[in-house]
Amino acid sequence: MKMSKKIITRFAPTPSGFLHMGNVWNLLFVEDFARSRGGQLWLRVDDLDRARYRREYAEDIFRVADWLGVRFDNGPRNVRDLESNWSQALRTERYREALSVLAASGRVFACTCSRRDVAAASTQGEYPGTCLRAGIPLNTPDVAWRFHLEGTPGAAHPVVRRRDGCPAYHVASIVDDVDMGMTHIIRGRDLEISTHVQRALAAVMNGEFGRFGQITFLHHALVTAPNGTKLSKSAGSGAAGLLSRRAPSAEAVRRAFRSWRETQVRACADDDFGPGL
Ligand SMILES: [Zn+2]
């Protein structure tokens, strides 16, 4: 039986800083993709990292979306709604289910290395696999869980559960995308490594979480500063965020986006990580 599938995609910012123009470009890209295909656009606020969460950053997400005139079909309506009904902190039991599935795959190992240990053992800052064959039981107190993954620079043995027991970003992201029925994920090219890691994790998660493998990924070019550097939270925006500076009008931003988009029509292509896993 053939089922026609409605497109569902999302804008998923992390409230650990004010939004920058790179986020705005991604939001407009995702909105354009959804609206031009009759799909749904969800807002998901990735607020799992409570140490970096600040309410003013979450408020900034809603303010910027309002300013741009972006309307979401689902997701939190405001900060109170986010904190009461949508926060990832409310979903940790669900993430733990996913961690159990991952652990059962046999691809997860316990790691006792501190940040300093990793830095000392690797010139690239990449985890060198110190504990991979140490056979440390997963239920040992105060260990991180890592996923056995080799062969891609920048993606070696990612942490899936932190030492404090909290699920890592990749796990929460997979679970949320599956539970929210996402069909397409549209990200900047700087997140291609995340896509690779998440697909590798989902590939060993049978059953419901494995559905993540059916999601289509698109990676768009990044908006860059005049000197060619990527606009990031640290480099791109002032301390008070986009809207408190002398910002151009939302319509001017949309016009700039459209003309940039014209030059990038070939930039948004299906990613080619699939077969390499
Ligand atoms: Zn280790």
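Things to note:
- Close contacts from region 114-131, counting a first residue that is over 17 Å from ARG163 (Cα atoms) and a second that is near the ligand (Cβ under 9 Å from one of its atoms) and outside any helix (DSSP H, G or I), with Cβ to Cβ under 7 Å and a gap of 6+ residues or different chains, come to ALA121/PRO128; ALA121/THR130; SER122/PRO128.
- Count - residues of region 139-161 that are within 28 Å of ASP46 (Cα to Cα), within 13 Å of the ligand (Cβ to nearest atom) and either in a loop (DSSP other than H, G, I, E, B) or of a type in the set (Gly, Ala, Ser) (or both): 7
- Residue count, region 193-216 (criterion: surrounded by fewer than 16 Cβ atoms within 10 Å (Cβ to Cβ) and not in a helix (DSSP H, G or I)): 2
- Selection from region 168-183 of residues that are of a type in the set (Gly, Ala, Ser) and open to solvent by 20 Å² or more (accessible area, probe 1.4 Å): GLY181
- Total residues in region 100-115, condition away from the ligand (no atom under 12 Å from the Cβ) and not hydroxyl-bearing (Ser, Thr, Tyr): 7
- Index of the failed condition, PHE33 passing every other in (1) modelled with pLDDT of 95 or more; (2) in a helix (DSSP H, G or I): (1)
- Extreme residue, nearest to VAL101 (Cα to Cα), among residues of region 117-138 that are in contact with a helix residue (DSSP H, G or I) (Cβ under 7 Å, 6 or more places away or on another chain) and more than 12 Å from the ligand (Cβ to nearest atom): LEU138
- Restricting region 139-148 to residues that are of a type outside the set (Val, Ile, Thr) and crowded, with 18+ Cβ neighbours inside 10 Å, the residue that is nearest to LYS5 (Cα to Cα): PHE147
- Count of region 5-30 residues which are surrounded by 21 or more Cβ atoms within 10 Å (Cβ to Cβ) and charged (D, E, K, R): 1
- Region 98-113 - residue that is free of Cβ contacts under 8 Å to residues at least 40 places away in the same chain and either more than 19 Å from GLY135 (Cα to Cα) or assigned to a helix (DSSP H, G or I) (or both) and, of those, least open to solvent (accessible area, probe 1.4 Å): SER100
- Residue count, region 31-48 (criterion: farther than 12 Å from PRO13 by Cα and either surrounded by fewer than 18 Cβ atoms within 10 Å (Cβ to Cβ) or touching a Lys or Arg at 6+ places or on another chain (Cβ under 8 Å) (or both)): 8
- Every condition in (1) over 30 Å from LEU243 (Cα atoms); (2) surrounded by 11 or more Cβ atoms within 10 Å (Cβ to Cβ) holds for ALA89 except the one numbered (1).
- Tally of residues being within 19 Å of the chain's Cα centre (by Cα), of a type in the set (A, V, I, L, M, F, W, C) and part of a loop (DSSP other than H, G, I, E, B) across region 48-80: 3
- Scanning region 120-137 for residues that are open to solvent by 60 Å² or more (accessible area, probe 1.4 Å) and polar (S, T, N, Q), we see that the one that is modelled with the lowest pLDDT is THR123.
- Exactly one residue among ASP176, ASP190, ASP117 is in a helix (DSSP H, G or I) and either in contact with a His (Cβ under 8 Å, 6 or more places away or on another chain) or modelled with pLDDT of 95 or more (or both), and that residue is ASP176.
The values are calculated or read from the model by the stated rules, or taken from the named source; none is laboratory data. Worth saying up front: this structure is predicted, and the values here are computed from it rather than measured. Heads up, the Cβs are rebuilt from the backbone with ideal geometry, glycines too, and the neighbour counts pull from every protein chain shown. Side chains are part of the model used for accessible areas, which takes the heavy atoms of the whole protein and leaves out ligands, DNA and RNA. Shrake-Rupley method; radii C 1.70, N 1.55, O 1.52, S 1.80 Å.
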